Amino acid sequence: MPDPASNVNAEQATRQAFRQQLRLRRQALSQQEQKRASEQVSERLLDYITANSHQRIALFFANDGEINLVPLVNALWQQQRQTAAPILHPVCAGHLLFLAYHANSLMHENRFGIPEPVLRCDEVMPLSQLDLILTPLVGFDAAGNRLGMGGGFYDRTLSGWAQGRYPNLSVAGVAHDCQFVDTLPHAAWDVPLPTIITPSKTLSF
Ligand SMILES: Nc1nc2c(c(=O)[nH]1)N(C=O)[C@@H](CNc1ccc(C(=O)N[C@@H](CCC(=O)O)C(=O)O)cc1)CN2
Ligand SMILES: Nc1ncnc2c1ncn2[C@@H]1O[C@H](COP(=O)(O)OP(=O)(O)OP(=O)(O)O)[C@@H](O)[C@H]1O
């Protein structure tokens, strides 16, 4: 009899191996490649946001070789659009909470060293108030499956959305082209992404 627990462990090990390999790929990009990726993806995201008339957009601060979205933030502010950023949820462990992010937001680093706005209750933006969430990712495949850093933060936070609870909310992944692999192992809790935007492509699944 095969032991189901060993299958789960084998799957976890495969995910971990992909994660390690794909993180190394993005960490290996040169400063010049990063700058170009940041400019190109920001332009592509701005087109996508304008085409869909999104007003309130949650983004993320680059970590571990992810694409820097600061050029996008500046462009969105110029167009009077509102931005938000995730913080590690102060009450619901493993979840994210989105806070408004503006030019004078007070910032600090979370336990992973990622910048986040300091918690202020009047700045909380629930999912029902967002038009678009841009998610970071470590890897994506030809079906829109997403592999993240392994904390399950986005999967937990987006599980209600994946069940249809926020019909007005769009979610799109943002990644370097080198984060692509043909097929990723995926688990029951993984939230596949309908859109992934890279410096060279806007993909719909
Ligand atoms: N920019 C960004 N923000 C994000 C995420 C992300 O992937 N990117 N997350 C996506 O969910 C959440 C944070 N998840 C993370 C999970 C693990 C590690 C990490 O560096 N882990 C270390 C070891 C643990 C440690 O340092 O305590 C490692 O694996 O090297 C970082 C972020 C929320 N914010
Ligand atoms: N909706 C959920 N409810 C409860 N636990 C979950 C949920 N989603 C993920 N998890 C747990 O989180 C852990 C990490 O999940 P996974 O490896 O898919 O993270 P990830 O997608 O790589 O990370 P992230 O979403 O933070 O970028 C898993 O062990 C899983 O059990």
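The values are calculated or read from the model by the stated rules, or taken from the named source; none is laboratory data. Note that the structure is predicted; figures quoted are calculated from it, not measured. For neighbour counting, all protein chains shown are included, and Cβ atoms are generated from backbone atoms with ideal geometry for every residue, glycine included. Each accessible area value is taken on the protein alone, full model and side chains, heavy atoms only, with ligands, DNA and RNA left out. Shrake-Rupley method; radii C 1.70, N 1.55, O 1.52, S 1.80 Å.
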Whole number in Å², please: accessible area per residue of the chain, 1.4 Å probe, ligands, DNA and RNA not counted. 52
Projected onto the charge dipole of the chain (+1 at Lys/Arg Cβ, -1 at Asp/Glu Cβ, origin at the Cα centre), which of V191, T202, L59 gives the Cα projection farthest towards the positive end? L59
Determine the calculated [θ] at 222 nm for the chain from helices alone, applying -39500 (n - 2.57) to every DSSP H run no shorter than 4 residues and normalising by the residue count; nearest 500 deg cm²/dmol. -9500 deg cm²/dmol
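In nm², what is the average projected area of the convex hull enclosing the Cα atoms of the chain?
Working: hull surface 48.8 nm².
For the chain, the mean projected area of the Cα convex hull comes to 12.2 nm².
Work out the length of the dipole vector of the chain about its Cα centre, built from +1 on the beta-carbon of each Lys and Arg and -1 on the beta-carbon of each Asp and Glu, and round it to the nearest 20 debye.
Details: 16 positive and 18 negative charges, 22 e Å.
Its charge dipole is roughly 100 debye.
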Karplus-derived HN-Hα couplings along segment 43-55 (A = 6.51, B = -1.76, C = 1.60, θ = phi - 60°), whole Hz, x at Gly and Pro: 5, 5, 5, 5, 4, 4, 5, 5, 4, 9, 6, 6, 9
Tell me which residues come under 5 Å, amide H to amide H, from L132 once H is placed; ignore anything under 5 positions away on its chain. R56, A58, S170
Given backbone amide H placed at 1.01 Å from N, residues whose amide H is under 5 Å from that of Y101, ignoring those fewer than 5 places away on the same chain, are T83, A84, A85
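If the chain between Q32 and N7 were fully stretched, how many nm would it gain, using 0.36 nm times the residue separation less the Cα-Cα distance? Let's see the in-between values first.
Details: separation 25, 0.36 × 25 = 9.00 nm, distance 4.16 nm.
Residue separation times 0.36 nm, minus the Cα-Cα distance, leaves 4.8 nm.
Between H89 and Q55, what length comes free when the chain is fully extended (0.36 nm per residue of separation minus the Cα-Cα distance, one decimal in nm)?
Details: separation 34, 0.36 × 34 = 12.24 nm, distance 2.35 nm.
Extending this stretch completely gives an extra 9.9 nm.
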If ligands, DNA and RNA are left out, what is the accessible area of E66 with a 1.4 Å probe, given in Å² to the nearest 10? 20
Pairs of alpha carbons in segment 1-111 whose separation is greater than 21 Å (percent): 55
Can you give the longest stretch of the chain with no exposed loop site, where a site means trypsin sites (Lys or Arg not before Pro) in a DSSP loop (not H, G, I, E or B) with at most 15 other C-beta atoms within 10 Å? 1-110
Which ³J(HN,Hα) values, rounded to whole Hz and listed in residue order, are derived for segment 141-148 from phi using the Karplus coefficients 6.51, -1.76 and 1.60 in 6.51 cos²θ - 1.76 cosθ + 1.60 with θ = phi - 60°, glycine and proline given as x? 10, 5, 9, x, 5, 10, 10, x
Can you tell me, using C-alpha contacts under 8 Å and at least 6 residues apart, the relative contact order of the chain as a whole percent? 21
Interchain or long-range residues, amide H under 5 Å from V174's placed H: T135, L137, I197
The ³J(HN,Hα) series, computed from each phi in segment 100-115 with the Karplus coefficients 6.51, -1.76 and 1.60 at θ = phi - 60°, rounded to the nearest Hz and given as x for glycine or proline, is 4, 10, 9, 4, 10, 5, 6, 10, 8, 9, 7, 5, 9, x, 9, x
